Amino acid sequence: MLARRSVRARADGHALRADRLDARAARAGTGGRPKSPTWSGDRLRHTEENVGRQTGEDVAGGWTVLLLSAADQPRAALAQARDAYDAACEGLVWSTAFTVLGAWWWPAAPFGILLGLASWRSLRHAVQALCRTTEAAFTLRGTGEPGGQA
């Protein structure tokens, strides 16, 4: 969408607007169509690709090895990010349960909807934190910097 608008702006002679749209597209990470049905899935896949490109490792296969071989700080940061992700997912499940319960007891429905909105926002933050922390931990491990292993 942003790329098309950029091409149109450039064709109309609005180079500055086209440059701003290109910058927005780069920041948003819109490298084409989504590959997953959710934003979270796309973000996790993008992290997998980044780690593979930067370190040559597979996140899915290297996750357990990373947790076992990482120093205390990266391991604690990964555990904290994963706990936040788990809590947000749990909140979404509870919101669904309360919303369904609202069919029989109406006060549960608004509570479920509010909990769902809060959990959805929390999930987005947790996914971003988990992805940043995972990329950093794999990068530290690959470079042999303090807190990581070579």
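The values are calculated or read from the model by the stated rules, or taken from the named source; none is laboratory data. It should be emphasised that the depicted structure is a prediction, and the values quoted were computed from it without experimental measurement. A quick note on method: Cβ atoms are made from the backbone with ideal geometry, for glycine too, and the neighbour counts reach across all protein chains shown. Side chains are part of the model used for accessible areas, which takes the heavy atoms of the whole protein and leaves out ligands, DNA and RNA. Shrake-Rupley method; radii C 1.70, N 1.55, O 1.52, S 1.80 Å.
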> Taking K and R as +1 and D and E as -1, what net charge do the other residues with C-beta under 13 Å from the C-beta of Leu115 add up to?
Replying inline: 0
> So how do Glu49, Glu135 rank on accessible area, 1.4 Å probe, biggest first, that is with the largest at the start?
Replying inline: Glu49, Glu135
> Near Ala76, within a Cβ-to-Cβ distance under 14 Å, what is the net charge of the other residues, with Lys and Arg +1 and Asp and Glu -1?
Replying inline: 0
>> Given axes a ≥ b ≥ c from the Cα gyration tensor, I'd like to know whether segment 90-139 is rounded (a/c under 1.5), prolate (a/b larger than b/c) or oblate.
In response: prolate
